[in-house]
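Engineer: Got a structure for you, written out below as structure tokens; questions coming shortly.
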Amino acid sequence: MPVYNKEELVRFVEEAKQYARYGKVADYIPALGKANPNELSIAVYTADGKVVDAGDVTVKVTLQSISKILALALVLIDRGEDEVFRKVGMEPTGDPFNSIAKLEEVQPSKPLNPMINAGALAVTHMIRGRSVEERLERLLAFIRRLAGNEQITYSEEVAQSEFETAFLNRSLCYFLKQHGIIDEDVEELMDLYTKQCAVEMTCIDLARIGLVFALDGRDPHSGELLMPLDVARICKTFMVTCGMYNASGEFAIKIGIPAKSGVSGGILAAVPGRCGIGIFGPALDDKGNSLTGVKLLERLSKTYSLSIF
Ligand SMILES: NC(=O)CC[C@H](N)C(=O)O
């Protein structure tokens, strides 16, 4: 186990921050546009239960696309692999996360994977519960268990901001409805999806969830199994193949850690058997990944030989 020390992490954060000027904060969800591009924080949660952090780790970050991996884990537990993969595929697309193109080009018209928006909407549709509120509560309860933090909730401001502007996601929903992948009211699904994306937490919470995946679904403190091994394995595999959108191939080569990013600038990473990593750096690259966060992870991966390959 490498020894992560605070001084070194602080130095790596300062180095990576130099790249913030090449990135841009996401503003297609207006509330995310308020973030400070120079912010960069990281927490590393090791398998022995220790946390090393740098930057302001009290800042909360909305999950955005990171929530896709958590919703996927929940529906896999709820419904099992066969049912889930009847509605969503297992292949990377090479397209941007919000693209509609492959839904039309590929037959049958089912989203290629659960990490693009079309696939994530199909997954959120599958969260069990009698109402949006009950489905959201079930997802929140699951996320709170993974993070070991009962306080976790969603940002109403960010959820509302996305709900009012998510016309492309609505288009994806209508396409999915036309092709029988979803059969619920689109506004209800958008209500649930935007709240799911607006769930907020600190880098320490992110790192702890990353560690649960790294430990094949086990709680790092109690040893309790929070999700079946197969579910953790499937989620980590998607993190490798599609977790960084259409930059996942380059990320696998340069960094080689299962990870999932969100347009808020968050990254959740799981180094199998070793640690979970949570990062918040809202300056994004042109694919929608945290530019400073990816630089920071690259430095960590090289320094501590974290690549799984
Ligand atoms: N890439 C992302 O983080 C996208 C999530 C965002 N809520 C959206 O659907 O557009």
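FYI, it's all coordinate maths here, none of it is from the lab. All of these numbers come straight from a predicted model, not from anything done at the bench. Every residue, glycine as well, gets a Cβ built from its backbone with ideal geometry; the counts of neighbours run over all protein chains shown.
Engineer: From the helices alone, meaning DSSP H stretches of at least four residues, give me the mean residue ellipticity at 222 nm for the chain, per-run term -39500 (n - 2.57), in deg cm²/dmol to the nearest 500. It would help to have the intermediate numbers written out before the result.
Structural biologist: Values: 12 runs with 145 residues, N = 309.
That comes out to -14500 deg cm²/dmol.
Engineer: To test your reading of the geometry: what angle, between 0 and 90 degrees and rounded to tens, separates the Cα axis of helix 6-17 from the longest principal axis of the chain?
Structural biologist: The answer is roughly 60 degrees.
Engineer: A further question follows. With a Förster radius of 22 Å, plug the Cβ-Cβ distance of GLU91 and GLN18 into 1/(1 + (r/R0)^6) and report the FRET value to the nearest 0.05. Walk me through the intermediate numbers first.
Structural biologist: On the way: r = 36 Å, r/R0 = 1.65.
About 0.05, to the nearest 0.05.
Engineer: Additional query: For segment 144-235, how big is Rg over Rh, using alpha carbon atoms and the Kirkwood form of Rh?
Structural biologist: On the way: Rg = 16.4 Å, Rh = 15.2 Å.
Across segment 144-235, the Cα-based Rg/Rh ratio is 1.08.
Engineer: Hey, which of these cross-link pairs are over 25 Å Cα-Cα: LYS102/LYS236; LYS87/LYS254; LYS102/LYS302?
Structural biologist: Values: LYS102/LYS236 23 Å; LYS87/LYS254 32 Å; LYS102/LYS302 35 Å.
Checking Cα-Cα distances, LYS87/LYS254; LYS102/LYS302 exceed 25 Å.
Engineer: How much FRET efficiency would the formula 1/(1 + (r/R0)^6) give for GLU133 and ILE253, where r is the Cβ-Cβ distance and R0 is 45 Å, rounded to 0.05?
Structural biologist: Calculated transfer efficiency: 0.55.
Engineer: Where the only charges are on Cβ atoms (+1 Lys, Arg; -1 Asp, Glu), what is the dipole of segment 66-197 about its Cα centre, to the nearest 20 debye?
Structural biologist: 380
Engineer: By its C-alpha gyration tensor, with a ≥ b ≥ c as the square roots of the eigenvalues, how is segment 244-291 shaped: rounded for a/c under 1.5, else prolate for a/b larger than b/c, else oblate? All intermediate terms of the calculation are to be shown ahead of the outcome.
Structural biologist: Values: a/c = 2.56, a/b = 1.31, b/c = 1.96.
Judged from the Cα gyration tensor, segment 244-291 comes out oblate (a/c at least 1.5, b/c at or above a/b).
Engineer: Between the helical axis of 167-178 and the dominant principal axis of the chain, each derived from Cα atoms, what acute angle in degrees is found, rounded to the nearest 10?
Structural biologist: 50
Engineer: Let me ask something else about it. Based on other C-beta atoms within 10 Å, arrange VAL59, VAL44 from fewest to most.
Structural biologist: On the way: VAL59 15, VAL44 28.
Starting with the residue having the fewest Cβ neighbours, the order is VAL59, VAL44.
Engineer: What angle do you read, to the nearest 10 degrees and between 0 and 90, between the alpha-carbon axis of helix 229-242 and the longest principal axis of the chain?
Structural biologist: In the chain, helix 229-242 runs at an angle near 90 degrees to the longest axis.
Engineer: Another question, then. For segment 195-256, with the dipole built from +1 on Lys and Arg beta-carbon atoms and -1 on Asp and Glu ones, taken about the Cα centre, which of THR237, GLY249, ALA198 lies farthest toward the positive end?
Structural biologist: Checked the options; the winner is GLY249.
Engineer: Another question, then. Using the number of other C-beta atoms within 10 angstrom as an exposure proxy, rank GLU8, GLU133 with the fewest first. Each step should come with its number before you reach the end.
Structural biologist: Working: GLU8 16, GLU133 12.
Sorted ascending by nearby Cβ count, the order is GLU133, GLU8.
Engineer: Each label point is 7 Å from the Cα along the Cα-to-Cβ direction; what then is the distance between the points at GLU105 and GLU8, in nm?
Structural biologist: Computed distance between label sites GLU105 and GLU8 equals 4.3 nm.
Engineer: Using the basic label-point model (7 angstrom from Cα toward the beta carbon), what is the SER307 to LEU229 distance in nanometres?
Structural biologist: Between SER307 and LEU229, the simple spin-label model gives 2.8 nm.
Engineer: To make sure I understand, if each residue's beta carbon is the centre and we count other beta carbons within 10 Å, what order do VAL51, VAL294, VAL212 fall in, fewest to most? Show your work: numbers first, answer last.
Structural biologist: Working: VAL51 18, VAL294 27, VAL212 24.
Sorted ascending by nearby Cβ count, the order is VAL51, VAL212, VAL294.
Engineer: Taking the Cα atoms of segment 66-197, what is the range of coordinates along each of the three principal axes, in descending order and whole Å?
Structural biologist: Principal extents (Cα only, largest first): 43, 33, 28 Å.
Engineer: Continuing with this model, one more query. Bin by bin, in steps of 10 Å, what percent of the Cα pairs in the chain do you find, going until the bin that has the longest distance?
Structural biologist: Bin by bin from 0 Å, the calculated values are 7, 31, 38, 20, 4, 0.
Engineer: For segment 172-233 and segment 117-164, compute the distance between their C-alpha centroids and round to whole Å.
Structural biologist: After rounding, the separation between the Cα centres reads 8 Å.
Engineer: For an R0 of 41 angstrom, estimate the FRET efficiency from the Cβ-Cβ distance between SER171 and THR58 and round to the nearest 0.05.
Structural biologist: For SER171 and THR58, the calculated efficiency is 0.65.
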